[in-house]
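Reading through the C-alpha cells given below for one structure.
What follows is calculated from the coordinates using simple rules that are stated; it is not laboratory data. Quick caveat: nothing in here was measured; it's all calculated off a predicted structure. Cβ coordinates were reconstructed from backbone atoms using ideal geometry, including for glycine residues, and neighbour counts include every protein chain displayed.
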Protein chains: 2
Amino acid sequence: MMFLGEGPLKAPRIVSTGVKGFMAAATSCGLKPAEDKDLAVIAARRPVAAAGVFTTNRLAAAPVLLCRQRLLEGEGLLRAVVINSGCANAATGSAGMAAAEKVCEAAAGLLGCTPREVAPCSTGVIGVVLDDEKVVGALPRLLRALSPQGLEEAAKAIMTTDAFPKMAEARAGAHVVVGIAKGAGMIEPHMATMLAFLLTDAPLTPSELKAMLTEAVEASFNRISVDGQTSTNDTVIAMASGETEAPVDRQGLAKGFNRVCQELAAMIVADGEGAGHLVGVEVDGAASEAEARAFAYAIARSALVKTAIAGGDPNWGRIVSAMGAAAGRRGLEFNPERVDVWIGGHKVVEAGLGLGPEAEERAAEAMKAPRYAIRVELGIGNGRWWVLTSDLTHEYVSINADYRS
Amino acid sequence: MMFLGEGPLKAPRIVSTGVKGFMAAATSCGLKPAEDKDLAVIAARRPVAAAGVFTTNRLAAAPVLLCRQRLLEGEGLLRAVVINSGCANAATGSAGMAAAEKVCEAAAGLLGCTPREVAPCSTGVIGVVLDDEKVVGALPRLLRALSPQGLEEAAKAIMTTDAFPKMAEARAGAHVVVGIAKGAGMIEPHMATMLAFLLTDAPLTPSELKAMLTEAVEASFNRISVDGQTSTNDTVIAMASGETEAPVDRQGLAKGFNRVCQELAAMIVADGEGAGHLVGVEVDGAASEAEARAFAYAIARSALVKTAIAGGDPNWGRIVSAMGAAAGRRGLEFNPERVDVWIGGHKVVEAGLGLGPEAEERAAEAMKAPRYAIRVELGIGNGRWWVLTSDLTHEYVSINADYRS
C-alpha cells in the first residue's frame, strides 16, 4: 500500500528510544571539512544476526564489496557497522579495498571480534581512496563514546547533502524496530548515496531478517530510487540483537520493518532541495506489474510533471504525455483513449480527454497539500505499481513552471 | 562523426538566403498572448516532394497524426506546411483532429491545392483543442505575406521556450539546403516540442528525400532527444522544390542535410536554460552500438555529470558511476577496471583509476571552453555512439555543483 508519511515535510525526525543490545556513537575524524561529524559506529554487544541489500551499480564501492562478502557470502553475523561520510571510497581499486579492510581490522581489534564481523559503509566523493589513518586514529575515542542513546548522533554524522537527520521507529509486541537513514531527494545530484540501518531487539535468524528486510526495501526504498540512478554506495543493513526474548510477532515485526523503511523513504524524498510536495504516483490497469512500474517511473521522473507539481498546476497533459513517451520508447501497452487520471483524489481526465476547468480547479486546490497522490487508470490489465516523487527547486521552477507545454 | 557546432553558444543564427521555389511568412493570430507571432506558413509554388520523421510518443498530437497520413501513407507530396505555436492540439481527441483538418482545408482553398497537400504542425499547451477559427481567420493575410525571404520570420514565429531562432544552411553543387528549427535544451521542461523544417531546391523524389532526411535525423536530432523524452508533437519535415535543375550531387546533398540537421541540433542543446557548455559524449569499445548508446545517454542524462560540467569540475567518478548504474540496471557489459576517460582531450582515468590532480587540472582547464568532448573507452568490443548534452541552470547548479559525490 502506498505510504506518503505525515506531518511537515522537512522536520527532523529523531526518535529517542534506543534498541536493546545496540549502542552507537559519532565523531569527527577529519574527512569532512571543519569539525563536522563524519564517522559513526553502531555496535551490538556480541555478533548478531544481520542482513543487507546493496546497490546494483556495477561500480560498487570497496565498502559495498566487503559488506556483500560478509552478508551475502558469509554467515550473516555482524558485531558492528562503521560508517563514514566525506569519502565514498568508490572507483578506488585495490587501494580502496585495503583501506576499508584496515578500518574493519582496527575496529575488530578494539571490539574483540573478527574483521568479518565489522561492516564498513562510506558516502561522499567518488575516486578518492579512504584515508584509513584518519578513521583508525579516531576509532578508540569513537568506541569509548558508544552509548545506548547514540543513534541520533549517528543519524547526524552520516548526513551529506541531507537537510535533516532521518530516524523512524515501530513497535511489534514486545519488540521495536528503529531505523536511521541518509539520502535526499529524487533529483540525481541529491540521490547521492542512500544509506539506511535498521535495528531490532527481536531474536531472528539471519535468513528471517533478510526476508523481512528485502520485503521492506522493495516496498519503500525501491519505490524512490529511480531506474539507473543508483549510487556506487547504496546500502541498507539490518541487525537483530535478540536481547528482548519475548515471543516474536512475525507479522507485526515485518509490518514494523515496512513502516520504518517507508517513513525513512518518504523523508528522503521530502528532503529534495526545494521540494515542497511529496507526491505518490499510483498506476493501475497496466498490462503487467512491470509495465505499471515503467509508467509510474515515467511520470515520477518527468521534470515537466515535477515542475507542474511545484507550480500547483493540474497539467494532466504532461502526465499523459510522459506515459505516451515511455510507451513509444519501450513498447508498453497504452491506449490514450482509455486513460483516466486523478490528482489529489479529483478526476481530471476521463477516456483520455480533460474534464474541464472546474475539475482542474478542484485538483489545483488539492495540490496545495504537502502530500497527495496522482493516480492513473490505464484500462488495459491488472498491473499496479506506485512510487514516490517530489517537485523541483524553486529556482529551477521559477524558470519553467509558468510555461505550459 | 560527432559535430559540436562552433561560435558563441547562444547567438541567433539567421541565414538570409531563401530556397528557390519556396516562400514563407509569419503572423500573430492570437494563440499566444499579446502580439507574439504564433502562426507561420512555408509554401512551395506547386505540390513538391516531401518527407517526414515524427515523434514516437504514443500520445501523438492531432497534427502529427495528419502529417503521418499525408507523408507516410500518402504520395509524399506537399504544397505547404502551416505551423502554429501556443497550442499543441494534443490529447484533444476527435475535436482536435477536426480543428487541424479545418486549418488544412482553409489553407488548401486559398492556395488552390487539396487539403492532403497541406501539413499541419503545432506546439504549445497539451490538452487544449486548437482554436481553428483564429488560425483560419489569419490565413488570408498570412498567405498574402508569403515571401521568398520569409523563413527568418517563420523561424521566430515557431519559438516557444527558445531563447533564439535557429536556422542553418549548406550547399551542394548548384543546390542548397536550408533548415529552421525550434526546441531548447536537454532538460525535459525545455525539450517541449522539437520542430524542424528542411528545404532544398534540388529535384528529388519523395523516397530519395526520405532516405536523406532519415539518415540526417539519425545523426543529429536523434543524438539529443534523450530516451523517453519525446514530446507529443515532435516533427521534422523536408520538402524539395526541384526548381534548380542542375545535376544533383547526391552525396554532397546528403552531407548538406546532415550538416544542417547537426547545426540545428547543436543549437537546440545550446539553448538549454543556463547552459554554458555544449558537450559531446562519445562512448567507444562497448559490446555493441546499442550498449554504447545506452552508456552515452546514461552519462549525458546524469544531472550529476551535468552539474560537474557547469562547475568545470573534472569529476570523472560521476561519469563512471553513471555508466555503472546503467550497466547494473540494464545488464550491459561493463568492467570498471578497463575504463579509460578523456575530458576535453585530456585523459583523466586509466583502467578505472584516476590519473591524479595534474591530469584533472588539465581537464579542468579544457572544461572552460564552450564546446568540448567527454570520451570513454570501455575496452569490451567495438560498439560506438555519441550524443550531445549541456550543463544545467546556474540556479540549480549553485545548490549542487559545490558538493562532490
Enumerate the calculated ³J(HN,Hα) couplings along the range A:301-310 in order (Karplus 6.51 cos²θ - 1.76 cosθ + 1.60, θ = phi - 60°), each rounded to whole Hz, writing x wherever the residue is Gly or Pro. 8, 5, 5, 5, 5, 5, 6, 5, 4, 4
So which aspartates and glutamates can B:Lys134 reach, going by Cα to Cα under 18 Å and dropping same-chain residues fewer than 8 places off? B:Glu35, B:Asp36, B:Asp38, B:Glu101, B:Glu105
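Considering only the protein assembly as shown, what is the antiparallel percent among its DSSP beta bridges, to the nearest 5? Write down the numbers at each step before the final one.
Numbers: 100 of 136 bridges.
Beta bridges within the protein assembly as shown, antiparallel portion: roughly 75 percent.
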Once the label point is placed 7 Å from Cα along Cβ, list for B:Gln69 the distances to the corresponding points in the other copies, in nm, shortest first. 6.7
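With 20 Å as the limit, write out which pairs from A:Lys306/A:Lys368; A:Lys37/A:Lys182; A:Lys368/B:Lys306; A:Lys102/A:Lys210 have Cα-Cα distances beyond it, or answer none. Write out the running numbers ahead of the final one.
Numbers: A:Lys306/A:Lys368 14 Å; A:Lys37/A:Lys182 14 Å; A:Lys368/B:Lys306 31 Å; A:Lys102/A:Lys210 27 Å.
Violating the 20 Å Cα-Cα cut-off are A:Lys368/B:Lys306; A:Lys102/A:Lys210.
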Quick one: putting +1 on the C-beta of Lys and Arg, -1 on the C-beta of Asp and Glu, what dipole do you get for the protein assembly as shown around its Cα centre, in Debye to the nearest 20? 200 debye
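Counting only other chains, and only Cβ atoms inside 10 Å, what mean value do you get across the residues of B:93-106? Walk me through the numbers before you get to the answer.
Values: counts 6, 1, 1, 1, 0, 0, 0, 0, 0, 0, 0, 0, 0, 0.
Average per residue, whole number: 1.
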Got the A:Gly112 label distances to the other copies yet, label 7 Å along Cα→Cβ, in nm, shortest first? 10.4
Across peptide A:80-90, how many C-beta atoms of other chains are within 10 Å of each residue C-beta, on average? 1
For a quick check: with amide H placed at 1.01 Å from N, whose amide H comes under 5 Å from B:Ala373's, ignoring anything fewer than 5 positions away on the same chain? B:Gly280, B:Gly344, B:Gly345
What's the angle, to the nearest 10 degrees (0 to 90), between helix A:250-270's Cα axis and the longest principal axis of chain A? 70 degrees
For A:Lys166, list the aspartates and glutamates whose Cα falls under 12 Å from its own Cα; do not include residues on the same chain fewer than 8 positions away. A:Glu152, A:Glu153, A:Glu263, A:Asp271
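Taking Cα pairs under 8 Å and at least six residues apart, what relative contact order does chain A come out at, in percent?
Numbers: 1027 pairs, mean separation 75.0, N = 405.
Relative contact order comes out at 19 percent.
Quick check for me: using +1 on Lys/Arg Cβ and -1 on Asp/Glu Cβ, what's the dipole size of the range A:51-130 about its Cα centre, in debye to the nearest 20? Write out the running numbers ahead of the final one.
Values: 6 positive and 5 negative charges, 25 e Å.
Roughly 120 debye, rounded to the nearest 20.
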Kindly work out what percent of the DSSP beta bridges joining two residues of the range B:22-270 are antiparallel, to the nearest 5. 75 percent
Distances in nm, one decimal, shortest first, from A:Ala246 to the same residue in every other copy, taking the label point 7 angstrom along Cα→Cβ. 9.2
Shielding of A:308-319 by partners, i.e. mean partner chain Cβ atoms within 10 Å per residue? 2
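Under 1.5 on a/c is rounded, so check that first for chain A, then, if it is not, pick prolate when a/b is larger than b/c and oblate when it is not; a ≥ b ≥ c are the square roots of the alpha carbon gyration tensor eigenvalues.
On the way: a/c = 2.12, a/b = 1.83, b/c = 1.16.
Prolate is the answer for chain A, as a/c is 1.5 or above and a/b outweighs b/c.
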HN-Hα J in Hz across the range A:341-346 - Karplus 6.51, -1.76, 1.60, θ = phi - 60°, x for Gly and Pro: 9, 10, 10, x, x, 9
Residues meeting the amide H criterion for A:Ser28 (H placed from the backbone, H to H distance under 5 Å, 5 or more places apart or on another chain) are A:Asp38
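Please state, to two decimals, what the Cα-based radius of gyration of the protein assembly as shown comes to when divided by 2.2 N^0.38 Å (N = residues).
Details: Rg = 28.5 Å, N = 810, 2.2 N^0.38 = 28.0 Å.
Compared with the compact-globule rule of thumb, the protein assembly as shown sits at 1.02.
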Taking amide H atoms as placed 1.01 Å from N in the peptide plane, list the residues 5 or more away in sequence, or in a different chain, whose amide H sits under 5 Å from that of A:Cys87. A:Thr123, A:Gly124, A:Val125
Before anything else, pin down the relative contact order of the range A:278-400: Cα pairs under 8 Å, at least 6 apart, normalised by residue count, whole percent. 46 percent
Can you bin the range A:1-104 into rounded, prolate or oblate? Criterion: square roots of the alpha carbon gyration tensor eigenvalues sorted a ≥ b ≥ c, rounded for a/c under 1.5, prolate for a/b above b/c, oblate for the rest. rounded
When the Karplus curve 6.51 cos²θ - 1.76 cosθ + 1.60 is applied with θ = phi - 60°, which whole-Hz ³J(HN,Hα) does each residue of the range A:44-52 get, with x for Gly and Pro? 9, 6, 8, x, 10, 4, 9, 8, x
Please list, by residue number, every one of the trypsin sites (Lys or Arg not before Pro) in the range B:331-386 that is coil in DSSP and has at most 11 other beta-carbon atoms within 10 Å. B:Lys368
Just how large is the dipole of the range A:22-270 about the Cα centre, in debye to the nearest 20, putting +1 at every Lys and Arg Cβ and -1 at every Asp and Glu Cβ? 140 debye
